[in-house]
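Worksheet: the structure to be examined is printed underneath.
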Amino acid sequence: LQAFKVTTPVLFGYLAIGIPFGLMLVNAGYPWWLAPVMSILMYAGAGQYMAVSLFAAGASLSVTAVTMVLFNIRHIVYGLSLITPFKDTGKWKPYLIFALTDETYALMTSCPLPRGVSSGSFYGAIAVLDHLYWIVGSLIGAVAGTLIPFSFAGVDFALTALFTVLLIKQKKYIFLRKNCNSLMDI
């Protein structure tokens, strides 16, 4: 329950960014079901947007893989800063490493553990909820893109918007740090 409360802002953000991803994927000619599959297995937000563009441009799998590694290399720094907090997460550790996104990192580094809750359970719940929000957003967009006649003009701007959000994420960290305890008290 505490994890749900603190991840609510991520829910709205991931729906707002996930839906355009699903729309973009379907508009590029891929089947709707690929959106949730990519979101489950890849879970890389901006990386998924980039992958669709690279595949649509005919890039090879090796070029796409190298681009993804270089694009997401910041996660190594995130991971290094979480060595101590993840030390006692037990069975959750592999999933926590996989599911580390900018937003999840912000929550894990700014929200204190609730009393009586293990770090693995709390961080795991945050990671699972954030991942689920992204899957649902991408699925909604992909299904909507196949069922509703839709003008895709401007949808590709969602990637630019995502980069803009990432650039100003420092303000989000400050907000989360100041408001995390009050969100958990709701």
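The values are calculated or read from the model by the stated rules, or taken from the named source; none is laboratory data. Just so we're clear, the structure is a prediction, and the values are computed from it rather than from any experiment. Methodologically, a virtual Cβ is constructed for each residue, glycine included, from the backbone with ideal geometry; neighbour enumeration extends over all protein chains shown. Remember, those area values only see protein heavy atoms, side chains included, never the ligands or the DNA or RNA. Shrake-Rupley method; radii C 1.70, N 1.55, O 1.52, S 1.80 Å.
Students often get this wrong: which residues of the range 105-135 have the backbone nitrogen under 13 Å from the point 7 angstrom along Cα-to-C-beta of Thr84?
Answer for the range 105-135: none.
Hey, can you rank 95-103, 128-136 by average C-beta count inside 10 Å, highest first?
Ranked from most to least packed, the peptides come out as 128-136, 95-103.
When ligands, DNA and RNA are left out and all protein chains stay put, how many square angstrom of accessible area per residue does the range 23-109 have with a 1.4 Å probe?
Heavy-atom SASA per residue in the range 23-109 reads 51 Å².
Give me the percent of accessible area attributable to carbon and sulfur for the range 1-145, probe 1.4 angstrom.
Summing carbon and sulfur atoms, their accessible area is 74 percent of the total for the range 1-145.
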